[in-house]
Amino acid sequence: MTPRSSLVVNSALAAVALLSLYSLLDLYQATKFYNQQQPDPYRIGYQAPRFAEAMKMLPPDAVVGYVSNLDFGEIRGSSAFFGAQFALAPRIVVPNDHPASGPLVLGNFSADVETSDISSRLAREQGLRVVRDFDAGVVLFRKEGAK
Amino acid sequence: MTALALALAAAIGWLAVRILLAGLPRRPRWMAATLEIALGIGAGVAITSSLFFVLLAAGAAQRGVVLGVEAALLSGLAAIAWRRRASHAEEAVPPPPSFRWNWLLALAAGAGIALIVATQVDTARASPHGNWDAFATWNLRAKFLLAPDGQWRNAASELLTRTHPEYPLLLPGFVARTWRLAGEAATPAAPLGTAWLFGGAAIAALAAALALVRGAGAAWLGCLVLFSGASYIDQISWQYADIPLSVYILATTIIVLLSWRYSDRPRAGWLALAGALAGSAAWAKNEGLAFFVLSLACYALITWRSEGAAESIRRGRWWLAGGLPFLALLAAFHLFLAPSGAALRGQTSGAVLARLADPGRYAAVAGAFVTGALEWGRGVSHPAILLGILAVALRFDIARRHRPALWFGAATLALMMVAYVGIYLASPDELSWLLGGSLQRLYAQLWPAAVLLAFVALGAPSDPPPAVAHAKPHKAAAKKARSKR
């Protein structure tokens with residue numbers, strides 16, 4: 001087989017190097033743009049400070065019920081749930097209607113609803129009593145009848 | 001403190017690899033050292049993560065105990081490595097081909113690494129907690145492993161809805177161990193540092209292995225092609241287990257390649273290291289268990305064909321011996337900790353067969369694999385285009401001693417793809433959601449090993465032979481010479 005001329009080989013290698021660098025530059029610019037538009041898209045960095053006070057009232061081995069105005073089937077709802085679970089671990093967070101749910105129930109509400117209104121409604125509908133409203137959409141409930 | 005804890009794990013792994021890889025020809029010396037360190041990162045993470053899990057199970061995972069055990073291990077390994085330093089004797093290996101533009105390729109690869117670092121730092125600043133599965137699965141379970149008393153077992157609680165409590169614990173165990181040593185629970189530094197360590201290990205291991213077997217030019221080109229897999233680079237800061245798994249798959253393939261290149265009868269230590277790295281893959285992710293089984297089967301089969309049954313059994317035993325500690329941990333995890341049947345999720349054989357008989361699912365999976373492959377790179381800089389250019393320019397040049405490793409790698413990766421397809425076809429999850437959320441990660445698992453194999457098959461860039469050597473003697477001069485004789 002005839003060897004390729006140096007010019008062909010060197011041109012090909014230069015093309016590969018330039019295309020690879022172009023790819024990385026393109027990725028860098030796209031990533032930078034995305035990060036500027038959506039820093040921490042699931043708001044995980046915000047959850048630990050939001051739940052810090054509530055955590056003090058929850059024993060580390062607690063299985064905590066969870067209620068929210070956000071639907072778990074949608075991305076906002078599921079990211080709010082997992083964000084709360086990540087912040088509260090090693091406490092286990094389960095939907096309030098889960099049989100393993102303990103006497104304490106965590107309310108995690110979005111900023112676009114009035115927390116006092118939704119807390120009252122949930123308390124009425126699901127038999128919950130407000131233990132404490134921590135602001136920023138975090139409310140701790142206790143199940144009625146639970147000690 | 002996080003950096004020190006990460007460095008301690010890497011040092012343990014480096015020494016373990018150095019001991020087991022005794023006899024590795026060290027030319028170029030700095031590339032051999034780079035390879036040991038890169039493989040050592042993967043090995044060190046697996047060793048220290050496993051130790052932490054054992055200490056947890058024994059109720060002795062306090063900071064002082066973990067530090068003491070790891071320091072003792074480091075000292076012991078250092079002593080063994082010091083005693084065996086003479087065994088790193090130089091062996092006669094052909095020098096890699098020289099290429100006058102290597103420095104320019106190295107410069108391009110260096111610029112690429114600078115861009116990767118800039119991309120990762122920007123992502124880390126914006127999303128230090130990683131992508132979805134990092135906080136919903138991997139790092140969440142690491143937080144559980146730090147729970148007081150026996151509550152660390154909740155890392156595999158069936159109450160952790162949709163967080164896959166059945167997933168193995170290499171990554172969460174290592175992150176939890178690093179948090180404990182650093183005394184900084186749940187800060188992003190440990191998982192982020194781990195992700196960057198593995199990303200760096202993938203690049204360094206690929207470059208070093210290619211430099212040893214194909215020369216520096218192939219090493220830098222291999223890096224440049226690896227970088228053109230934009231999705232792989234994007235995933236480094238996600239903090240998932242797929243990049244670590246890709247490092248274990250690459251590392252196993254490298255050891256197999258080196259063992260066949262340098263010896264007709266690979267040393268037991270090399271085989272045990274290959275088995276340990278494949279076993280680490282099984283302790284990292286469920287797909288890693290498939291890799292362990294398939295890689296061992298392919299290795300044993302190829303050895304059996306070329307060396308006979310007895311040699312195949314000998315090598316297979318060492319491979320198994322290396323992987324055994326990690327397989328034992330995995331078995332103990334599934335037997336005593338993980339929710340029973342979580343992986344199967346109550347599926348009946350009838351339901352699985354019905355899904356496997358659905359032609360629509362085959363079409364959907366095939367379409368997604370093609371789309372996923374097209375989306376692996378970015379437009380004109382797609383890796384397939386780069387590899388096409390290199391195939392035309394450099395052609396293929398498969399050395400005889402590389403053929404078994406090439407067969408091994410190609411067969412293992414192809415069977416892994418078949419396994420992935422099988423999982424998609426049989427899974428009870430909604431297919432488009434499953435494909436959309438996981439296919440790029442599966443490609444990432446195999447990508448560095450695939451690039452390695454491509455460059456083992458491709459010709460290496462080299463300078464043309466000196467013109468004098470090929471010049472035909474002038475007719476008159478030849479006649480004169482003959483008449484003189």
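Going by the conditions given, is A:Ala100 part of a loop (DSSP other than H, G, I, E, B) and in contact with a strand residue (DSSP E or B) (Cβ under 7 Å, 6 or more places away or on another chain)?
yes
Please specify each residue of the stretch A:105-122 satisfying the condition of being assigned to a strand (DSSP E or B) and either more than 24 Å from B:Asn139 (Cβ to Cβ) or β-branched (Val, Ile, Thr) (or both).
Selection gives A:Val105, A:Gly107.
For the structure I just gave you, tell me whether A:Leu88 is under 23 Å from B:Thr137 (Cα atoms) and among the aliphatic types (A, V, I, L, M).
Judged against the criteria, A:Leu88 is a match.
Across the stretch A:22-59, which residue is nearest to the chain's Cα centre (by Cα) among those that are of a type in the set (Phe, Trp, Tyr) and farther than 16 Å from A:Ala87 by Cβ? Break it down into steps so the answer makes sense when it comes.
Let us first name the residues in the stretch A:22-59 that are of a type in the set (Phe, Trp, Tyr), namely A:22, A:28, A:33-34, A:42, A:46, A:51.
Those still in the list that are farther than 16 Å from A:Ala87 by Cβ too: A:22, A:28, A:33-34.
Working: A:Tyr22: 33, A:Tyr28: 25, A:Phe33: 21, A:Tyr34: 18 Å.
Among residues in the stretch A:22-59 that are of a type in the set (Phe, Trp, Tyr) and farther than 16 Å from A:Ala87 by Cβ, the one nearest to the chain's Cα centre (by Cα) is A:Tyr34.
Return a yes/no flag: does the stretch B:164-178 have any residue that is at the interface with chain A (Cβ under 8 Å from one of its Cβ atoms) and not in a helix (DSSP H, G or I).
Within the stretch B:164-178 (the criterion being at the interface with chain A (Cβ under 8 Å from one of its Cβ atoms) and not in a helix (DSSP H, G or I)), the answer is no, since none of the residues qualifies.
Considering only residues that are of a type in the set (Ser, Thr, Tyr) and part of a helix (DSSP H, G or I), which ones fall in the stretch A:11-46?
Those that are of a type in the set (Ser, Thr, Tyr) and part of a helix (DSSP H, G or I): A:Ser11, A:Ser20, A:Tyr22, A:Ser23, A:Tyr28, A:Thr31, A:Tyr34, A:Tyr46.
So in the stretch B:6-50, with the set limited to residues that are buried (at least 17 other Cβ atoms within 10 Å of the Cβ) and free of Cβ contacts under 8 Å to residues at least 40 places away in the same chain, which one is farthest from B:Gly193 (Cα to Cα)?
Applying the filter and picking the extreme gives B:Glu36.
Condition check ((1) charged (D, E, K, R); (2) within 13 Å of chain A (Cβ to nearest Cβ)) across all residues:
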residue	(1), (2)
B:Arg180	yes, no
B:Leu210	no, no
B:Arg214	yes, no
B:Tyr232	no, yes
B:Ile243	no, no
B:Ser246	no, no
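Please go through the stretch A:37-81 and give me each residue that is over 29 Å from B:Glu430 (Cα atoms) and of a type in the set (Ser, Thr, Tyr), ordered by number.
Residue satisfying the conditions is A:Tyr46 alone.
Sort through A:Ala111, A:Ala136, A:Ala80 and tell me the only one that's closer than 30 Å to A:Gln38 by Cβ, in contact with a Ser or Thr (Cβ under 9 Å, 6 or more places away or on another chain) and without any contact (Cβ under 8 Å) to a residue 40 or more places away in the chain.
A:Ala80
Conditions tested, residue by residue: (1) of a type outside the set (A, V, I, L, M); (2) farther than 30 Å from B:Glu307 by Cβ; (3) in contact with a Gly (Cβ under 8 Å, 6 or more places away or on another chain); (4) surrounded by 24 or more Cβ atoms within 10 Å (Cβ to Cβ).
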| site | (1), (2), (3), (4) |
| --- | --- |
| B:Gly193 | yes, yes, no, no |
| B:Gly217 | yes, yes, no, yes |
| B:Phe227 | yes, yes, yes, yes |
| B:Asp234 | yes, yes, no, no |
| B:Ala251 | no, no, yes, yes |
| B:Val256 | no, no, yes, yes |
| B:Arg261 | yes, no, no, no |
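Looking at (1) more than 9 Å from chain A (Cβ to nearest Cβ); (2) modelled with pLDDT of 95 or more, which is the one condition that is false for B:Ala134?
Unmet condition: (1).
Just one of the numbered conditions (1) under 30 Å from A:Arg129 (Cβ atoms); (2) of a type in the set (A, V, I, L, M); (3) in contact with a Pro (Cβ under 8 Å, 6 or more places away or on another chain) is not true of A:Leu13; which one?
All conditions are met except number (1).
Out of the residues in the stretch A:4-40 that are over 20 Å from B:Ala230 (Cβ atoms) and more than 7 Å from chain B (Cβ to nearest Cβ), which is surrounded by the fewest Cβ atoms within 10 Å (Cβ to Cβ)?
Of the stretch A:4-40, the ones over 20 Å from B:Ala230 (Cβ atoms) are A:4-14, A:39-40.
After this cut, where a residue has to be more than 7 Å from chain B (Cβ to nearest Cβ) as well, the list is A:5, A:7, A:11, A:14.
Values: A:Ser5: 10, A:Leu7: 8, A:Ser11: 14, A:Ala14: 14.
Per the stated criteria, the residue is A:Leu7.
Please work out which one of (1) assigned to a helix (DSSP H, G or I); (2) at positive phi is the condition B:Asn154 fails and give its number.
So B:Asn154 meets the others, but not (2).
May I ask you to say which residue of B:Leu413, B:Leu356, B:Leu394 is surrounded by fewer than 17 Cβ atoms within 10 Å (Cβ to Cβ), in contact with a Leu (Cβ under 8 Å, 6 or more places away or on another chain), in contact (Cβ under 8 Å) with a residue 24 or more places away in the chain and of a type in the set (A, V, I, L, M)?
Values: B:Leu413 fails: surrounded by fewer than 17 Cβ atoms within 10 Å (Cβ to Cβ); B:Leu394 fails: surrounded by fewer than 17 Cβ atoms within 10 Å (Cβ to Cβ).
Step by step, each of B:Leu413, B:Leu356, B:Leu394 is checked, and only B:Leu356 is surrounded by fewer than 17 Cβ atoms within 10 Å (Cβ to Cβ), in contact with a Leu (Cβ under 8 Å, 6 or more places away or on another chain), in contact (Cβ under 8 Å) with a residue 24 or more places away in the chain and of a type in the set (A, V, I, L, M).
So if I check each of B:Ala71, B:Ala81, B:Ala89, which one is under 30 Å from B:Gly199 (Cβ atoms) and either under 23 Å from the mean Cα position of the chain (by Cα) or modelled with pLDDT under 95 (or both)?
Working: B:Ala71 fails: either under 23 Å from the mean Cα position of the chain (by Cα) or modelled with pLDDT under 95 (or both); B:Ala89 fails: under 30 Å from B:Gly199 (Cβ atoms).
So the residue among B:Ala71, B:Ala81, B:Ala89 that is under 30 Å from B:Gly199 (Cβ atoms) and either under 23 Å from the mean Cα position of the chain (by Cα) or modelled with pLDDT under 95 (or both) is B:Ala81.
Quick test for you: out of B:Ala202, B:Ala155, B:Ala218, pick the one residue that is in contact with a Pro (Cβ under 8 Å, 6 or more places away or on another chain) and away from chain A (no Cβ under 13 Å).
That would be B:Ala202, the only listed residue that is in contact with a Pro (Cβ under 8 Å, 6 or more places away or on another chain) and away from chain A (no Cβ under 13 Å).
For the stretch A:60-72, check the following and say yes or no: at least one residue is surrounded by fewer than 21 Cβ atoms within 10 Å (Cβ to Cβ), within 12 Å of chain B (Cβ to nearest Cβ), under 15 Å from the mean Cα position of the chain (by Cα) and not in a helix (DSSP H, G or I).
Looking through the stretch A:60-72, at least one residue is surrounded by fewer than 21 Cβ atoms within 10 Å (Cβ to Cβ), within 12 Å of chain B (Cβ to nearest Cβ), under 15 Å from the mean Cα position of the chain (by Cα) and not in a helix (DSSP H, G or I).
Can you report the number of residues in the stretch B:107-131 which are at the interface with another protein chain (Cβ under 7 Å from one of its Cβ atoms) and either in contact with a Leu (Cβ under 9 Å, 6 or more places away or on another chain) or farther than 12 Å from A:Asn35 by Cα (or both)?
Count: 9.
Which of the residues that make up the stretch A:85-110 are more than 8 Å from chain B (Cβ to nearest Cβ), of a type in the set (Gly, Ala, Ser) and either more than 20 Å from B:Pro148 (Cα to Cα) or touching a Cys at 6+ places or on another chain (Cβ under 9 Å) (or both)?
Listed by number, the residues that qualify are A:Ser101, A:Gly107, A:Ser110.
The values are calculated or read from the model by the stated rules, or taken from the named source; none is laboratory data. If you're wondering where the values come from, they're calculated on a predicted model, not measured in any experiment. Neighbour counts are summed over all protein chains in view; Cβ atoms, including those assigned to glycine, are modelled from backbone coordinates with ideal geometry.
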